[in-house]
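First up is the structure itself, then whatever we jot down about it.
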Amino acid sequence: MGYQYVLYEEVDHVAWVTVNREKALNAINADVLKELQEVFGAISQNQEIRVAVITGAGDKAFIAGADIAAMAQMTPDQAAAFCLLGHKTMSQIQDCRVPVIASVNGFCLGGGLELALSCDFIYASNKAKLGLPEVNLSLFPGFGGTQRLTQLVGPGRAKEIIFSARLLSAEEAREWGIVNKITAPEALKTEVAKTAQEIASKGPVAVSLAKRVINKGLAQTLDNGLKIERDHFTDCFRAEDLKEGLTAFLEKRRPRFQGR
Ligand code: DAK
C-alpha cells in the first residue's frame with residue numbers, strides 16, 4: 001500500500017500505521033483522514049492482521065491536532081464536511097476488527113488525542129503531552145472528543161480538560177485513566193510491540209468478539225450489555241479456533257490459532 005501521509009508496515013501479524021507529516025507535527029488534514037480510512041478498512045479485511053498500532057512520525061509529536069492552516073480556510077459547510085470525515089475515520093478505527101493501540105510518542109493534541117481516544121488503549125512516552133486545547137482557537141473538539149473523553153474519564157474531568165485547554169503530562173494522563181502505560185521514549189516501541197505480540201498470540205476470533213462486545217455495550221444498560229455478551233458468546237463456538245484452544249490446553253501445548 002502506498003500513501004502520501006501514512007506509512008504502513010506489517011510485522012508478525014501486527015500492522016504499524018504511522019501518520020507521516022513530521023514538519024507539521026503530523027497535523028491531520030482531510031487527505032490524512034481519507035488515507036487512514038483506507039488503511040483501517042484494509043486492516044479490517046486482512047485476516048493475517050491481529051493487532052494494529054498507530055503512531056506519529058519523528059520523535060516530537062504523535063499528532064498535534066487537526067491542521068490549523070487548513071481549518072483557517074474553511075467555510076462553515078466545509079467545516080461540517082471535515083467534521084463528518086473525522087467522525088467516520090475515528091469510528092472506523094474504533095470499529096476496526098482488531099485491537100488498535102495508540103503509541104503516543106510526543107504531542108497528542110486536539111484531533112490527535114481524539115484519534116488516540118478512538119483506539120482501544122494508549123501507551124505513551126513519558127515526554128508526551130496530551131490535551132484538547134481547541135478552545136484556545138475558539139473551537140471545541142470536533143472529532144468525537146467531547147463524547148469519547150467523557151465516556152473514558154467522566155464528565156467532570158472531561159469538562160476540566162476541554163474548558164481549560166490545559167495540557168496533561170503523560171503521568172497526569174495515566175492518573176486520569178487516559179493512558180494505560182508510560183515508558184521512556186526509547187522504550188515505547190518495544191513495549192507497544194510486546195503488548196501487541198501478547199494480544200496477537202491469543203485467539204483472534206475471541207479477541208475480536210470481545211472488542212465488539214465491549215464497544216457495543218458502552219452506551220447500554222447492564223442488562224442490554226449482558227444480552228450483547230450472550231449473543232456473541234456463541235460465536236466463539238462456531239469458530240474452529242475454540243476447538244484448537246481447548247484441545248491445546250488438554251494436550252498441554254501452545255495453541256495454533258488460525259483466526260477462523
Ligand atoms: N496544524 C497545523 N500545523 C501545525 C499544528 C497544527 N495543529 N501544530 C503544529 N503545526 C506546525 C507549526 O505551524 C510549525 O510549522 P512551521 O512554522 O515550521 O511551518 C510546525 O508544525 C512546528 O510547530 P511549532 O514551531 O509550533 O513547534 P513548537 O515546538 O514551538 O510547539 C506545539 C509545539 C505542539 C506546542 C505547537 O505547535 C502548538 O501549539 N500546535 C497547535 C496545537 C493545537 O492547538 N492543537 C489543536 C488543533 S485544533 C472540528 C474538527 C476538528 C477539530 C475541531 C473542530 N470541526 C470541523 C467542527 C479539532 C481541532 C484541533 O485539533
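Please treat every number below as a calculation from the coordinates, not as lab data. Being a predicted model, the structure only gives us computed values, none of them experimental. Counting neighbours? That spans all protein chains shown, and the Cβs are built from the backbone with ideal geometry, glycine included.
The table below lists the values:
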read-out: At 0.890 mPa s and 25 °C, Stokes diffusion of the stretch 10-155 via Kirkwood alpha-carbon radius, µm² per second; value: 162
read-out: Local electrostatic count, R50, Cβ distance below 14 Å [Lys/Arg +1, Asp/Glu -1]; value: -1
read-out: Cross-link reach list, lysines versus K34, counting only Cα pairs under 16 Å and skipping chain neighbours closer than eight places; value: K88
read-out: Relative contact order computed over the chain (Cα-Cα under 8 Å; 6+ residues apart), in percent; value: 15
read-out: Residue order, fewest to most beta carbons within 10 Å, for K194, K252; value: K252, K194
read-out: Radius 12 Å from Cβ of W16, net charge of other residues (Lys, Arg +1; Asp, Glu -1); value: -2
read-out: Ordering of 213-219, 114-120 by burial proxy (mean other Cβ atoms within 10 Å per residue, highest first); value: 114-120, 213-219
read-out: Cut-off 14 Å between beta-carbons: net charge of the residues surrounding A70, Lys and Arg +1, Asp and Glu -1; value: 0
read-out: Relative packing of 227-239, 147-159, which averages over residues the other C-beta atoms within 10 Å, highest first; value: 147-159, 227-239
read-out: Greater than 31 Å apart at Cα, pairs in K194/K227; K216/K243; K194/K216; K159/K181; value: K194/K227
read-out: Inter-part distance where the stretch 3-60 and the stretch 123-189 are each reduced to a Cα centre, Å; value: 21
read-out: From the C-alpha gyration tensor of the stretch 173-226, square roots of 5λ in Å; value: 28, 18, 6
read-out: Debye, to nearest 20: dipole size of the chain, +1 on Lys, Arg Cβ, -1 on Asp, Glu Cβ; value: 520
read-out: Projected area averaged over orientations for the chain, convex hull of C-alpha atoms, nm²; value: 14.7
